[in-house]
1. Let me check I've understood the local charge: for E10, count other residues with C-beta under 15 angstrom from its C-beta, Lys and Arg +1, Asp and Glu -1. What total comes out?
2. So the label point goes 7 Å from the Cα of A16 along Cα→C-beta, right? Which residues of segment 35-72 then have their backbone N under 14 Å from it?
3. Sorted by packing (mean other beta-carbon atoms within 10 Å per residue), highest first, where do 64-71, 12-19 land?
4. If R₀ is 35 angstrom, what is the calculated FRET efficiency for the pair N61 and W9, using the beta carbon separation as r and rounding to 0.05?
Amino acid sequence: MNTFPYESWEEAFQAAKEAGEGYFTWGPGGNTATIILTLLGFTVMLVTVVMGIMLEDRRLNEAAAELAKEQA
């Protein structure tokens, strides 16, 4: 299945340059997809960082509780 609507990459680049927009194979060619992918990536990154911090906090609290129990 060939979904590339141009005869060559040069033609695709020229069309994108004339329209002032990016090119996506399965999209309309606008920059909306870039914005959506950027926001999605940023959201995934933030969730990953927060989850990593929560995991480390839980591990440190468990280790501190274990050390306090050993010393008592």
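The numbers here are math on the coordinates, done by the rules we state, and not lab data. The model shown is predicted, which means the values in this text are computed figures rather than measured ones. Please note: Cβ atoms are built from the backbone with ideal geometry, for glycine as well, and neighbour counts cover all protein chains shown.
1. -2
2. The answer is 35, whose backbone nitrogens lie closer than 14 Å to the label point.
3. Details: 64-71: 8.8, 12-19: 12.2.
Ranked by mean Cβ neighbours within 10 Å, highest first: 12-19, 64-71.
4. Calculated value: 0.05.
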